[in-house]
Amino acid sequence: MEVCELLHIPFSVSIVGKDLLFQHVQFRAGQRIHTVGQQFVSLFIVISGFLKTVSIDDLGYEQVLDFPMKGDVFGADSISTKRYSSETVALSDCSLIMLPFHNLVALSHAHVELENVICDIFGRELLRKQAMLDMLSAPNAEAKVARFLISLSERYSESGYSKTEFNLRMTRRDIGNYLGLSFETVSRTLSALNEAGLISVDQRAIWIKEPDMLKRFCRIPSCGLQARQDRSGITGWPRSAPGLLVN
């Protein structure tokens, strides 16, 4: 079953039937998959492409909540309210699977294996919320951006892509909104990590040159670069690398 393959869920029993065929839908870059307040009908699983989910307050301010990509499920935060509480926009051409939620629940009574799908959907939603909190709790801008890059690297790897070389499908402004940083701070921080030799940046292309150092850098509190090197044991960083105290 394609849904279980995308979610990496074991599905040992072969179930065949038109009632288990879910709709595949295509969206172009810039198209909205659902909007805030729209009646909740379906969950979505990403087959390919990259998206952005945002909440919008009464004043129209947008807060980026997530960047769904291959294998991710979105829409689960709207189950209890019966209305989509966020808006999801395609950042690239996307292919999605629509999972009508009521049908999925009804089918789970007849096919016990589908209960795994529902449990996994809720589990993934909780993990993504925790991941966002972990990024926001980072001690400074550099650690936030480093955690974001490591998280994105791991997600690309899980989807079968390179974990060290990838493109940022979102803008720096979107990254800043997600991390609680300004556009300028994100740009300066990426440049600083580039000059420190941890990553290489070319427009939206990212090459993680020192993944282990970047992971250790995620945990370093805000202080002078030399003190960071002394405490963490990281060696070989350029002593003259500027901009590493961006806040």
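Any read-out appearing in this document is the output of simple, stated calculations on the displayed coordinates, not a laboratory observation. Everything numeric in this text was worked out from a predicted model, so none of it was measured. No Cβ is skipped: glycine too gets one built from the backbone with ideal geometry, and neighbour counts run over all protein chains shown.
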Handout entry: Dipole moment magnitude, nearest 20 debye, segment 138-232 about Cα centre, only Lys, Arg, Asp, Glu C-beta charged
Key = 200
Fill in the blank from the handout: Any trypsin sites (Lys or Arg not before Pro) in segment 75-159 that lie in a DSSP loop and have at most 12 other Cβ atoms within 10 Å would be 82
Problem - segment 61-80 versus segment 104-149: alpha-carbon centroid distance in Å - result: 10
Practice task
Identify all lysines with a Cα-Cα distance to residue 209 below 30 Å; exclude those on the same chain that are fewer than 8 residues away in sequence.
Solution key: 52, 70, 129, 144, 163
Completion exercise
Proxy exposure order for 185, 53, 164 (fewest C-beta within 10 Å first) is 164, 185, 53
Problem - Full-extension gain in nm, residue 173 to residue 129, via 0.36 nm per residue minus C-alpha separation - result: 13.8 nm
Exercise for the section: Can you put 57, 72 in order of Cβ neighbours within 10 angstrom, beginning with the fewest? Expected result: 57, 72
Handout entry: Those aspartates and glutamates that a straight Cα-Cα span of less than 15 Å connects to residue 215, excepting residues fewer than 8 apart in one chain
Key = 134, 142, 154
